[in-house]
1. Select the helices (runs of 4 or more DSSP H) contained entirely in the stretch 66-136, then report the ones holding at least 2 residues which are at pLDDT 85 or above and closer than 24 Å to Arg186 by Cα.
2. So in the stretch 137-159, with the set limited to residues that are of a type in the set (D, E, K, R) and part of a loop (DSSP other than H, G, I, E, B), which one is modelled with the lowest pLDDT?
3. With respect to Phe139, determine if the residue is surrounded by 15 or more Cβ atoms within 10 Å (Cβ to Cβ) and touching a residue at least 60 places away in the same chain (Cβ under 8 Å).
4. Being in contact (Cβ under 8 Å) with a residue 12 or more places away in the chain, not assigned by TED's automatic domain parsing to the domain that holds Leu131 and not in a helix (DSSP H, G or I): is that true of Leu45 here?
5. Go through Ala159, Ala133 for me and flag whichever is free of Cβ contacts under 8 Å to residues at least 12 places away in the same chain and surrounded by fewer than 17 Cβ atoms within 10 Å (Cβ to Cβ).
6. So, in the stretch 163-199, exactly how many residues are surrounded by fewer than 17 Cβ atoms within 10 Å (Cβ to Cβ) and either at positive phi or of a type outside the set (S, T, N, Q) (or both)?
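The values are calculated or read from the model by the stated rules, or taken from the named source; none is laboratory data. Bear in mind that the values here come from a model prediction, so they are computed numbers and not experimental data. Cβ: placed from backbone, ideal geometry, glycine included. Neighbour counts: every protein chain shown.
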Amino acid sequence: MRRKKQQTPTEEQDRDLLNHVEGLGLTSIDDYRQWCARNGFSRKLTKHWKQRCRERSFSQQAVARERLTRKKQEKRNHTVVLRAICTGELSEDDVTLPHLQRLCQVLRPSRGPKNDRPVDRKVLQRLLTHLHACRAKFFDGTPAISALGQVPGNTYIEAIALTTAHSRSWQRQVEDWIPSSHSASRQFASLLRHLFVKY
């Protein structure tokens, strides 16, 4: 009786395996085997396409759960997230809410408008801390001008970041400002008058 030759993986199978490993966000075969062991999958490299589909689905669900958890944390802990953005601990890849991603873009010097002063991160952190303590209505990411919709530069948080670039022109300390209205647009106008207008 003849023995069957053990099949060696063809180039196509190798390419499929490497594509699968990259699709899971891993960099090497060893990482893939460790990932399989951690998540309860077989460590073998030759697998049926259904098994690979299960692995891909599991990976995508884990990423979705992580993003959902991050989004909930961003909504609950405004001050912590904003402080981390101001200090540079979080970048636009680390946050999920669109207005926070745009804030990260404004703070990145290469993405800001040319010929403009850079945003002062320390002053921004001080300003955001005070505004949050005053319960100002600037942190939910709603458009400042609703007719424009969700476009870059149309949130109060982005405008506040840009005002800190001109903090040397401020006429008063930000800590002296108290909101006198519940309307976000009126609060913002009041804040700008407080900071920039000479009385």
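1. Details: elements: 78-87, 98-107, 121-133.
Answer list for the stretch 66-136: 98-107, 121-133.
2. Taking the stretch 137-159 as the starting set, the residues that turn out to be of a type in the set (D, E, K, R) are 137, 140, 158.
Cutting the leftovers down to part of a loop (DSSP other than H, G, I, E, B) gives us 137, 140.
Numbers: Lys137: 87, Asp140: 81.
Filtering the stretch 137-159 for residues that are of a type in the set (D, E, K, R) and part of a loop (DSSP other than H, G, I, E, B), the one modelled with the lowest pLDDT comes out as Asp140.
3. Here the answer is yes, as Phe139 does meet what is asked.
4. Answer is yes for this residue.
5. Values: Ala159 fails: free of Cβ contacts under 8 Å to residues at least 12 places away in the same chain.
When all the criteria are applied, what remains is Ala133.
6. Summing the residues that are surrounded by fewer than 17 Cβ atoms within 10 Å (Cβ to Cβ) and either at positive phi or of a type outside the set (S, T, N, Q) (or both) in the stretch 163-199 gives 16.
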